[in-house]
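Please read the structure below before turning to the comments.
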Amino acid sequence: VPLHHRQRLLALALEGPRAAIEELVLEVVVVVDGHVPQRHVAVVLAAGKGTRMGSDLPKVLHTLAGRPLLAHVIERARALSPKRIIVVYGHGGDAVPSALPGDDIVWALQSPQRGTGHAVMQALPHLSPEGPTLVLYGDVPLTRAQTLQALIDAARGGLALLTVDLDADKKLIE
C-alpha cells in the first residue's frame, strides 16, 4: 500500500468516522488488487403457501396495484443492478415463473418447502462467493430501493440485517 494511503488511513483512524475509514479501505483495496468489488446477488424467497390469505393462489401472485406482489419485489431488485436475481419458488409449481418471465431471473425450485433457511439453501448453487447476497421476501413489496441499497452498502464488510421496530401502541391500519 503506498505511503500516502497508509498516512491517510492513520489520520482517518485517529479522527474520522468509521464509514470514512471503510470507504478509504475500499479505495485502497481497489488500488492494490486492481479490480472493483463484485456486485451483489439478489435472492427473492417466493415459495410460501400463504395459508393465512385463504386462497389456493401462491401468496406472491396476489396483486397490489394490479401487479403480483412478486413483480414489485423483482422490480426493486432490478433497480439495484444486481449481478443476478434468483427467485426461489415452490407452492403453486410453475405458476410463479410462468406469471413473471424474465431473462435476468434464475428460478430455483424449493420442493418440499421446509422453511426459510431451506429456501435460501436452494439458491446456493447460483450464488457467488464474491460480493454480498441480498435476501428479499417475495411478499414484501413496499421496501424502498434506497433502503435496500443502504443495506447492501452496510453489508460490504460482512453481515447486515434490516429489521422493523414497530411501536405496539400504534395502529398500522386505521
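The values are calculated or read from the model by the stated rules, or taken from the named source; none is laboratory data. Everything numeric in this text was worked out from a predicted model, so none of it was measured. Note that each Cβ is placed from the backbone with ideal geometry, even for glycine, and that neighbours are counted across all protein chains shown. Each accessible area value is taken on the protein alone, full model and side chains, heavy atoms only, with ligands, DNA and RNA left out. Shrake-Rupley method; radii C 1.70, N 1.55, O 1.52, S 1.80 Å.
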> Yes or no: ALA65 farther than 16 Å from ALA42 by Cβ, free of Cβ contacts under 8 Å to residues at least 12 places away in the same chain and open to solvent by 40 Å² or more (accessible area, probe 1.4 Å)?
Replying inline: yes
So for the stretch 131-152 (the condition being more than 21 Å from LEU69 (Cβ to Cβ), part of a loop (DSSP other than H, G, I, E, B), modelled with pLDDT of 85 or more and open to solvent by 40 Å² or more (accessible area, probe 1.4 Å)), does at least one residue qualify?
no
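Yes/no per residue for (1) surrounded by 14 or more Cβ atoms within 10 Å (Cβ to Cβ); (2) more than 17 Å from LEU127 (Cα to Cα):
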| site | (1), (2) |
| --- | --- |
| SER81 | no, no |
| HIS91 | yes, yes |
| VAL96 | yes, yes |
| ASP104 | no, no |
| GLN110 | yes, no |
| GLY115 | no, yes |
Residue count, the stretch 40-92, condition farther than 15 Å from ASP103 by Cα and in a helix (DSSP H, G or I), comes to 12
In the set LEU57, LEU26, the lone residue that is open to solvent by 70 Å² or more (accessible area, probe 1.4 Å) and modelled with pLDDT under 60 is LEU26
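Please pick out the residue among ALA119, ALA99, ALA65 that is more than 19 Å from the chain's Cα centre (by Cα), hydrophobic (A, V, I, L, M, F, W, C) and farther than 20 Å from THR147 by Cβ.
Working: ALA119 fails: more than 19 Å from the chain's Cα centre (by Cα); ALA65 fails: farther than 20 Å from THR147 by Cβ.
The match here is ALA99.
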Within the stretch 117-130, the residues that are open to solvent by 40 Å² or more (accessible area, probe 1.4 Å) and touching a strand residue (DSSP E or B) at 6+ places or on another chain (Cβ under 7 Å) are VAL120, GLN122, HIS126, LEU127
